[in-house]
1. How do 35, 17 line up, fewest other C-beta atoms within 10 Å first?
2. Would you mind calculating the relative contact order of the range 12-213 from Cα pairs under 8 angstrom and at least 6 residues apart, reporting the percent as a whole number?
3. Which of the listed residues, 109, 192, 54, is farthest toward the dipole's positive end in the range 12-213, when Lys, Arg count +1 and Asp, Glu count -1 at the beta-carbon?
4. Please identify, among 119, 46, 73, the residue showing maximal mean-square fluctuation in a Gaussian network model of the chain using a 10 angstrom Cα cutoff.
5. Take the range 81-187, drop everything but the C-alpha atoms, weight them equally and run the Debye formula without solvent; then report log10 I(q)/I(0) at 0.10 Å⁻¹ to two decimals.
6. Counting other Cβ atoms within 10 Å, which trypsin sites (Lys or Arg not before Pro) in the range 81-122 have at most 16 and lie in a DSSP loop?
7. Give, rounded to the nearest 20 debye, the magnitude of the charge dipole that the chain has about its Cα centre when Lys and Arg contribute +1 at Cβ and Asp and Glu contribute -1 at Cβ.
8. Using the eigenvalues of the Cα gyration tensor, what equivalent ellipsoid semi-axes result for the range 12-213 when each is taken as the square root of five times the eigenvalue, whole Å, largest first?
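Taken together, the values in this text are just the output of simple stated rules run on the coordinates, not laboratory data. What you see is a predicted model, and the numbers here were worked out from it, not measured in a lab. Virtual Cβ from ideal backbone geometry, glycine too; neighbours counted across all protein chains shown.
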Amino acid sequence: MPGRMDRHDMSLPNQLTLLRILLTPFVVWLLFLDTAAAQIGAFTVFILASLTDWYDGYTARKYGYVSTWGKFFDPLADKILVTSVLVAFCVQGYFPVWMVVVIVVRDTFITTLRSYAIFKGRCINTSYLAKIKTFVQMGVIYVTFIYHLLEFFQPGGIAGGVREQLNTWSLVPVAMGTVAVLTIISGCAYIHVNRDYIRELISEVLRIFQTSDS
């Protein structure tokens, strides 16, 4: 977990990270309003939140705004945004629950491992496969958003025809299934590459439990 605040903790990148977290409930709230305007609003706010992720990383690299706070909360903010939207779409029936569970379990594990590494003043290794998974996952979310928006247009129009074709192809669940498979594979790669950290973390947890029992 991050320690005391340093001079970079209120820098622009960290403010954008905080903004991304604050925007997430608005995306989910708008998704459950049964109007086309609300869905367009949800998509717009999601795009804005996604752009803050790109821009805070760009600003941090350009001006050297690096802090323990940022290292911890930036990826956590991404997980909060993405997971919240995936859960919302799952509730609306766009893909099976198990696919979201796989992603949430994997991301929770990685976040725990990253937190432990930050606490120890180290960094965990990120595989190239994990970056591919993140890229594909964001692409699937955008596709699902577009598919979701098509529902609010006239069924007999062009949008309705496109949605029918996407239904025929089962595009959204198949794409999400691909993300779930990549999630499992990249998770296994994380475990292999960072196995020493995982052993340390398990030993630390066991030591805490043994101390509390004594």
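1. Numbers: 35 10, 17 25.
Going from sparsest to densest Cβ surroundings: 35, 17.
2. Numbers: 167 pairs, mean separation 44.9, N = 202.
Answer for the range 12-213 is 22 percent.
3. 192
4. Of 119, 46, 73, the most mobile in the Gaussian network model is 119.
5. Result of the Debye calculation: -0.35.
6. Details: sites: 106, 114, 120, 122; in loops: 120, 122.
When the trypsin sites (Lys or Arg not before Pro) of the range 81-122 are filtered for loop state and at most 16 Cβ neighbours within 10 Å, 120, 122 remain.
7. On the way: 17 positive and 14 negative charges, 132 e Å.
My answer is approximately 640 debye.
8. Values: eigenvalues 234, 85, 44 Å².
Rounded to whole Å, the semi-axes are 34, 21, 15.
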